[in-house]
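Please read the structure below before turning to the comments.
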Amino acid sequence: MGASVPPADAPVLAIGGAVKRFGSRTALSGLDLRLGDGEVFALLGPNGAGKTTTINLILGFLKADAGTVRVCGIDAGADPVGARRHVAYIPEQVALYPGLSGVENLRYFTTLAGLDLSRNEAHALLAEAGLTLEAHRRKAGAYSKGMRQKVGIAVALARRARLLLLDEPTSGLDPSAAADFSATIRAAAGRGTAVLMATHDLYRVHEMAGRVGVLSGGRIVEEIDPKTLDHVALERLYIDRLPESTA
Amino acid sequence: MKRIGAELALFLHDVRLRWIGAVLVLLLAVAGLGAWRDAVRYGAEVDAVTAAERARWLGQDAKNPHSADHFGIWVFKPSSPLAVLDPGSEPYTGRMVRVEAHVFNDAVYRAVQDAGPLARAGLGSVADIVGLVVPLAAILLGFSAFAADRERGTLRLALGNGIAPGRLFADRFAALTAALVLVIGLPLLGIGTLVALGRDAAGWQDTAGWQAWPRLLAWIAAQLAYAALFLLVAMLVSLRARTARHALAAALAIWVGLCIVAPRLATAAVETLVPAVSYREVRARIDAEMRPHRTAEANDDRSREILARYGVSQPQELPIDLRGLMMVENDDHHFALYDREFGAFFDGIAGRERVFAWAGLLSPRIALQALSQTLAGTDFAEHAHFVWTAEAYRRSISERMNTEIRDRPQHGGTTLVAGPELWGEIPPFAHTPLPLTRALADAAVPALVLALWLAGLVGLCVPLVRRLKP
């Protein structure tokens, strides 16, 4: 499988009619989504709506049963490694090597990704991600979820990828850490990074996202401009769109 | 290199590597240094006894040459320097032979008779440890390579951030192999160097022609290839297992299968498929064929035949000594018999060894055993070579003594008496091992089998790596 060359004018993310089934259960039933440079798209939906399945399709960890998933023009199903070169990803639970410090974890992951970060650059990235300096050299085994999340953000930022995937990025973060996180993501988008975040956090969605898609029944049932609503109205609308079983 | 360095640094944080390394180094050092001490002691004993035997031979009284032939002399097998690492068949086949008139003696002084409890447990030599314990160490190093990351969640972060699975696998394999080289290759090289330098200093190396250095390097490469093979097994399992515990359990089950069960089954299968004549049967056949040859009647028949051949009626009329000529011809008969029977016996064992090397396809431990002994110069081919060299030496003594009697006919009932000049004509026993080229040719099949194992495992890993999921 050779490395794919992305077409120059391809959108950062293009999902067309994606279907994914797990046995008799349909997780996605014709998902369509396009994302351009610098856009922040929030995928809203209850547990089991297909948010994580969507992310796994983009990362090539799963292959769509029908439809297409392209990252910068590269078919993520056919060439997942090629597609992932353009993606930075922060999972809901960022796991680190407990025996390594934050800075060692960051350098380990970035070295494996082919980057050559100096110690100073690693410290600067961790600081940019909001990790306090005294924590940089502490073993990650003693980190809180928020601190691990910040190392994950630093890994993602270091890659300067065109697409940033965030899976429930603020779950478990304290308000201050969540606010720092929002600022970091907005800054990344300001540099032209496209961001797709799967979340329940309507407050942060309202704060960060330029577009919001409500995922229900395996497809986006409504797309909203969050600037037209405050987060209370957004919550009302979101609950109204949920299937009865989950509302 | 940076990525491999990062992986190695990650492993060095793991206390497991330090424990495994310490235990392995300790085991290898204890076994290697113990064997080295035994080898030094054996070498000194061989030197002393060889000198004493030579002095005894040269200092024997004036006597009839045939009595001198029966006087006999002990000859010793010079042990391969690498026997310290892998004694191979040496402890079982004997290392000294008494050469004397008429008899093709067995080699005796089998080290296994003096073996301690560790050796009886199958862990006495460095090669035993590499064959059985090193795969365990490789498994303990490699089982968590992907399964623990999957379980912890670090694999998701790694793969989701552009790290190519193939590269990750290759880097981890390279880093773990480097760790194995550190904890296995270096101790082996250390012990091997001690052995080779010790032999060099003692002056055995060059004269014996063992070519210890190329043998040592090839031997270490074989052991590392074997360790890498089990590392691949562990990583292969780790690619699929959901948890590290599952990976460890599966890898250990494979270790039991490949290192304990399969070698026994394969050995039994080879013994069944390639039946070899037992040594007892060979001896019985030789005795049966010699018995009628040794009777007084047969002796009289041969006397008459010789007299007729020379056209005389009395032994005194012969230009040679009748008894001497009869001994020459008797020995020629025995030599032909030994060549046929023992030749077939040794050929049978060699044939079985060749099949056994192919049985390495069922277990890499078998392939390593065959390869290791061959490279170490402690395989059965080397033993057979010694046995035939000792036999050739015995024949050369018998032939010289017999021709002395044959060519100096004694008349009037007198007996020929020879002295130190004749004993001095017999050179000291010298044994040159099989050349390295022969060892390398013999090693080709087990080396190929080991390479096939490695290639097969890599072939199995490739699709799993491509489909690697967090």
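So here's what we get for this one:
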{"quantity": "Cα-centred dipole magnitude for region B:383-470, charges only on beta-carbon of K, R (+1) and D, E (-1), debye, nearest 20", "calculated": "860"}
{"quantity": "Helix A:231-241 axis, angle to chain A major axis (alpha carbon atoms, nearest 10°)", "calculated": "50"}
{"quantity": "Förster radius 41 Å - calculated FRET efficiency between A:ASP225 and B:ALA170 (Cβ-Cβ, nearest 0.05)", "calculated": "0.30"}
{"quantity": "For region B:18-87, alpha-carbon Rg and Dmax in angstrom", "calculated": "19.8, 69"}
{"quantity": "Percent RCO, i.e. relative contact order, over chain B, from Cα pairs under 8 Å lying at least 6 residues apart", "calculated": "26"}
{"quantity": "Given charges at Cβ of Lys, Arg, Asp, Glu: region B:2-466 dipole, positive-most of B:ALA170, B:ALA276, B:TRP388", "calculated": "B:ALA170"}
{"quantity": "Cα gyration tensor category, rounded, prolate or oblate, for chain A with a/c compared to 1.5", "calculated": "oblate"}
{"quantity": "Shielding by partners - mean other protein chain Cβ count within 10 Å, residues of B:148-160", "calculated": "6"}
{"quantity": "Theoretical ellipticity at 222 nm over chain B - DSSP helices of four or more residues, -39500 (n - 2.57) apiece, nearest 500", "calculated": "-23500 deg cm²/dmol"}
{"quantity": "Cα convex hull of chain B, projected area averaged across orientations, nm²", "calculated": "26.1"}
{"quantity": "Normalised convex hull volume, region A:89-133, alpha-carbon set, Å³ per residue", "calculated": "87"}
{"quantity": "Å³ per residue enclosed by the Cα convex hull of region B:380-420", "calculated": "66"}
{"quantity": "Spacing of the two label points (7 Å from each Cα toward its C-beta) at B:GLU45 and B:ASP61, in nm", "calculated": "3.1"}
{"quantity": "Paramagnetic reach from A:ARG191 (point 7 Å along Cα→Cβ, amide N under 12 Å) across region A:149-164", "calculated": "A:154-164"}
{"quantity": "DSSP bridge pairs, chain A: antiparallel proportion in percent, nearest 5", "calculated": "55"}
{"quantity": "Charge dipole (region B:2-466, unit charges on Cβ, about Cα centre) - positive-most of B:LEU337, B:TRP36, B:ALA250", "calculated": "B:ALA250"}
{"quantity": "Nearest-ten-degree value, helix B:165-180 long axis tilted from longest Cα axis of chain B", "calculated": "50"}
{"quantity": "Net lengthening on full extension, B:ALA430/B:LEU197 (0.36 nm per residue, minus Cα-Cα)", "calculated": "81.7 nm"}
{"quantity": "Burial ordering of B:SER372, B:SER363, B:SER278, A:SER182, fewest other beta-carbon atoms within 10 Å first", "calculated": "B:SER278, A:SER182, B:SER363, B:SER372"}
{"quantity": "Sorted by Cβ density within 10 Å, fewest first, the residues A:ASP37, A:ASP201, B:ASP442", "calculated": "A:ASP37, A:ASP201, B:ASP442"}
{"quantity": "Semi-axis lengths, Å, the protein assembly as shown, gyration tensor of Cα atoms, sqrt of 5 times eigenvalues", "calculated": "82, 25, 17"}
{"quantity": "Most positive-pole-ward Cα, A:ILE224, A:VAL94, A:ALA42, against dipole of chain A from beta carbon charges", "calculated": "A:VAL94"}
{"quantity": "Electrostatic dipole magnitude of region B:334-395 [Cβ: Lys, Arg +1; Asp, Glu -1; Cα centre; debye, to 20]", "calculated": "80"}
{"quantity": "Neighbour-count ranking [beta-carbon atoms within 10 angstrom, fewest first] of B:ARG467, B:ARG167", "calculated": "B:ARG467, B:ARG167"}
{"quantity": "Shielding score for A:101-110, defined as the mean number of other chain Cβ atoms within 10 Å", "calculated": "3"}
{"quantity": "Debye, to nearest 20: dipole size of region B:2-466, +1 on Lys, Arg Cβ, -1 on Asp, Glu Cβ", "calculated": "2700"}
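Readers should treat all values here as calculations from the given coordinates under stated rules, not as data from a laboratory. The structure displayed is predicted, hence computed values, not measured ones. As a convention, Cβ positions derive from the backbone with ideal geometry for all residues, glycine included, and neighbour counts pool all protein chains shown.
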